[in-house]
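Working notes, structure below.
The values are calculated or read from the model by the stated rules, or taken from the named source; none is laboratory data. Since the model is a prediction, treat every value here as computed from it, not as a measurement. Reconstructed Cβ throughout: ideal geometry from the backbone, glycine too, with neighbour counts over all protein chains shown.
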Amino acid sequence: MSPLSSSDQQLHSIALMPNLSEANTDQLSANDIDVALMLRVGEGDEQAFEELISRHQQAVIGTVAKMLGNTSEAEDIAQQVFIRIWKSAPRYQPKAKFTTFLFTITRNLVFNESRRRSRKKEYSMEEREDDFHLQSPDSETASPDEALLHGELQKAVDKAINDLPEKQRMAVILRRYENMPYDEIGKVLELSISAVKSQLFRARHALRDSLQQYLDA
């Protein structure tokens with residue numbers, strides 16, 4: 001067995017701690033903490049698993065909701081993501097960032113659901129009304145006209161994103177909403193960096209065309 005690197009030794013020592021607060025987390029990256037937690041989950045540590053869920057649940061739910069165009073099943077699919085995380089934890093090896101591992105699982109489940117919905121053609125106006133918006137108008141300060149215009153624009157943006165091919169849609173969501181770098185998006189989508197940039201380029205042109213009437217206003 002090859003000896004552990006100093007960074008691996010640090011992560012394994014942190015993983016053995018009953019509480020991460022015992023470690024000097026100021027010197028650790030978010031990924032170091034995620035990996036340490038995941039190593040503990042691999043040992044059956046439910047508290048570490050709950051902490052992982054707390055750290056990433058909203059990002060997963062938000063990504064799923066944006067990918068599917070509604071929130072009606074986002075929490076259920078997010079739950080499936082974390083169930084897979086739990087089941088795969090004993091075999092987990094930190095060869096990439098934890099978020100790459102997390103969003104690859106999310107991608108697989110979302111693409112499966114998206115294809116199932118595409119076959120059944122079950123998108124409805126009611127689902128679109130329940131969209132998971134990044135921004136919402138401030139009802140305390142926005143005038144009725146401003147709130148209406150903002151709502152119409154947000155619906156148009158949501159629809160334009162939903163109309164993108166699934167890989168373009170996922171690339172846009174991970175880049176814009178999760179601030180994920182190109183190389184990590186590439187690992188999640190199993191694409192080269194140049195292919196990711198190409199997907200984003202085509203997506204931006206499609207979105208610009210779909211939203212032209214609002215851009216010209």
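Structure summary
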item: Residues being of a type outside the set (A, V, I, L, M) and crowded, with 19+ Cβ neighbours inside 10 Å - total across the range 188-201; result: 1
item: Verdict on LEU39 being crowded, with 19+ Cβ neighbours inside 10 Å, farther than 18 Å from ARG107 by Cβ and hydrophobic (A, V, I, L, M, F, W, C); result: yes
item: Cβ pairs under 8 Å, 6+ apart, first in the range 104-119 and in the same structural domain as ALA59 (by TED's automatic domain parsing) and under 15 Å from ASN162 (Cα atoms), second exposed (fewer than 14 other Cβ atoms within 10 Å of the Cβ) and of a type in the set (A, V, I, L, M, F, W, C); result: none
item: Members of the range 108-130 found to be at pLDDT 50 or above and aliphatic (A, V, I, L, M), listed by number; result: LEU109, VAL110
